[in-house]
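Everything on this sheet refers to the single structure shown next.
Coordinate-derived values only; no laboratory data. Keep in mind that this is a model prediction, so the values were computed, not measured. Heads up, the Cβs are rebuilt from the backbone with ideal geometry, glycines too, and the neighbour counts pull from every protein chain shown.
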Amino acid sequence: MCQISVVVERQGEREKVMENVTGLSITDTGVRLSTFFEEPLTLENVTLSNIDFLEGTVVLTPVDQMEG
């Protein structure tokens, strides 16, 4: 099974927010993450920036960083 980690990148710094992600949904206000054994986590005011399949990493960026 692929193990995907999700990070939020702010000003060049990455913060890991969840590991072993099994699902990702784009919502009206952000991104919803789920795993097999944890409650789903919704991150508001972020957008999908990049997916690196070789590293198994999804990068999210705050919406306010995308505007400026």
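Quick check on Ser5: is it in a strand (DSSP E or B), of a type outside the set (Lys, Arg) and surrounded by 15 or more Cβ atoms within 10 Å (Cβ to Cβ)?
Criteria met by Ser5.
If you filter region 43-67 down to residues that are of a type in the set (A, V, I, L, M) and in contact (Cβ under 8 Å) with a residue 40 or more places away in the chain, you find that the one that is surrounded by the fewest Cβ atoms within 10 Å (Cβ to Cβ) is Val59.
Restricting region 31-42 to residues that are free of Cβ contacts under 8 Å to residues at least 24 places away in the same chain and surrounded by 10 or more Cβ atoms within 10 Å (Cβ to Cβ), which is farthest from Leu60 (Cα to Cα)? It would help to see each step written out before you state the result.
Start the filter on region 31-42 by keeping residues that are free of Cβ contacts under 8 Å to residues at least 24 places away in the same chain, which leaves 32, 34-40, 42.
When the remaining residues are screened for being surrounded by 10 or more Cβ atoms within 10 Å (Cβ to Cβ), the result is 32, 34-35, 38, 40, 42.
On the way: Arg32: 11, Ser34: 15, Thr35: 17, Glu38: 20, Pro40: 16, Thr42: 12 Å.
Once the filter is applied, the top-ranked residue is Glu38.
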